[in-house]
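Here is the structure we will look at.
The values are calculated or read from the model by the stated rules, or taken from the named source; none is laboratory data. Remember, it's a predicted structure, so these values are computed and weren't measured experimentally. Because the Cβ atoms are built from the backbone with ideal geometry, glycine has one as well, and the counts that use them run over all protein chains shown.
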Amino acid sequence: MRMVCSEAFVLIYIMNTLSVITGFFAVNNFKPYGQKNGLTNENYLAWLGSIAAVCNSIRFVWSLMTDYLPYKTVYAILLCIQIVAAFTIPLVSDDAFLFAIWISVMLLCEGGHFTIVPNVLKKIYGEKGTTLYGIMFSYSGISSILLIISQTEFLTSSARSYDIFFYTCGGASVVSLAILLLFFKEEKFVH
């Protein structure tokens, strides 16, 4: 219980709860968002979904990076990429090629959340860190619930409401980055 209540655990939980929403929103809404911006070709959207899923599946790249770089560095890189993508997607949402790149990048980042967290838990908590991931993983459920509530309350039939939601997701990732840089310490937990 001490590990779950430790500062590092709580900060990782909060950061991931906030930042994974961007990927969840992109994966659930790329098709209607694209359609609202004139990208209505069903074949294109199906291919985009497949390509983005492949990008999500190469998430192991993030895990490999944590073998050579500190978690803080890898997660900061992931967040910076995600922040840029979230804030700039409205600029490319009517261009099929660029839209596909942005959605693929967002899903690559989403996958990274699920591969770097187990690594940092193991670095901080040793062998017990892998057990903690079962509890930590609930951040994805909390994020999903927040996303559903937010979408229900704030999304409308306009493309502009999707733009604002992407900005909000980018803002949540900025908060995660600030927490990471200002408060998080990658130090071994003393039992």
Taking ILE103 as meeting all but one of (1) free of Cβ contacts under 8 Å to residues at least 60 places away in the same chain; (2) part of a helix (DSSP H, G or I), write down the number of the exception. (1)
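Let's see how each residue does on (1) within 19 Å of THR168 (Cα to Cα); (2) at pLDDT 95 or above; (3) of a type outside the set (D, E, K, R):
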position	(1), (2), (3)
ALA8	no, yes, yes
LEU11	no, yes, yes
THR17	yes, yes, yes
VAL27	yes, no, yes
GLY34	yes, yes, yes
ASN41	no, yes, yes
TRP47	no, yes, yes
SER50	no, yes, yes
PHE60	no, no, yes
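Determine whether the range 148-157 contains at least one residue that is aromatic (Phe, Trp, Tyr) and surrounded by 13 or more Cβ atoms within 10 Å (Cβ to Cβ). Walk me through it before giving the result.
So in the range 148-157, the residues aromatic (Phe, Trp, Tyr) come out as 154.
From the residues that got through so far, the ones that are surrounded by 13 or more Cβ atoms within 10 Å (Cβ to Cβ) too are none.
Looking through the range 148-157, none of the residues is aromatic (Phe, Trp, Tyr) and surrounded by 13 or more Cβ atoms within 10 Å (Cβ to Cβ).
Assess whether GLY134 counts as being of a type in the set (Gly, Ala, Ser) and touching a helix residue (DSSP H, G or I) at 6+ places or on another chain (Cβ under 7 Å). Please lay out each step first, then the result.
Details: of a type in the set (Gly, Ala, Ser): yes; touching a helix residue (DSSP H, G or I) at 6+ places or on another chain (Cβ under 7 Å): no.
Taking the combined requirement at face value, the residue does not satisfy it.
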ILE77 fails exactly one of (1) more than 22 Å from GLU187 (Cα to Cα); (2) under 15 Å from the mean Cα position of the chain (by Cα), namely (1)
Residues of the range 158-183 that turn out to be surrounded by 14 or more Cβ atoms within 10 Å (Cβ to Cβ), modelled with pLDDT of 90 or more and farther than 16 Å from GLY23 by Cα, as a count: 3
Counting just the residues of the range 107-136 that are surrounded by fewer than 16 Cβ atoms within 10 Å (Cβ to Cβ) and without any contact (Cβ under 8 Å) to a residue 12 or more places away in the chain, which one comes out nearest to the chain's Cα centre (by Cα)? GLY134
The condition from (1) within 14 Å of the chain's Cα centre (by Cα); (2) at positive phi; (3) small (Gly, Ala, Ser) that GLY38 misses is numbered (1)
Cross-chain or 6+ apart pairs with Cβ under 6 Å, the range 170-191 first and within 14 Å of TYR71 (Cα to Cα), then at pLDDT 95 or above and of a type in the set (Lys, Arg): GLU186/LYS72
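Among the candidates ALA53, ALA85, ALA46, single out the residue that is loosely packed, with under 15 Cβ neighbours inside 10 Å, touching a residue at least 40 places away in the same chain (Cβ under 8 Å) and farther than 21 Å from GLU186 by Cβ.
Values: ALA85 fails: loosely packed, with under 15 Cβ neighbours inside 10 Å; ALA46 fails: touching a residue at least 40 places away in the same chain (Cβ under 8 Å).
Just one listed residue meets the conditions, ALA53.
Which residue is nearest to LEU91 (Cα to Cα), if the candidates are limited to the range 127-177 and must be assigned to a loop (DSSP other than H, G, I, E, B) and polar (S, T, N, Q)? Steps first, answer last, please.
Going residue by residue through the range 127-177, those that are assigned to a loop (DSSP other than H, G, I, E, B) are 127, 137, 155-158.
From what is left, the residues that are polar (S, T, N, Q) are 156-158.
Numbers: THR156: 19, SER157: 19, SER158: 16 Å.
So the residue we want is SER158.
Out of the residues in the range 88-100 meeting the condition of being touching a residue at least 24 places away in the same chain (Cβ under 8 Å) and among the hydrophobic types (A, V, I, L, M, F, W, C), tell me which one is farthest from GLU7 (Cα to Cα).
Of all residues in the range 88-100, those touching a residue at least 24 places away in the same chain (Cβ under 8 Å) come to 89-90, 93-94, 96, 99-100.
The next check asks that each one be among the hydrophobic types (A, V, I, L, M, F, W, C); those that pass are 89, 96, 99-100.
Values: ILE89: 34, ALA96: 43, PHE99: 38, ALA100: 38 Å.
Filtering the range 88-100 for residues that are touching a residue at least 24 places away in the same chain (Cβ under 8 Å) and among the hydrophobic types (A, V, I, L, M, F, W, C), the one farthest from GLU7 (Cα to Cα) comes out as ALA96.
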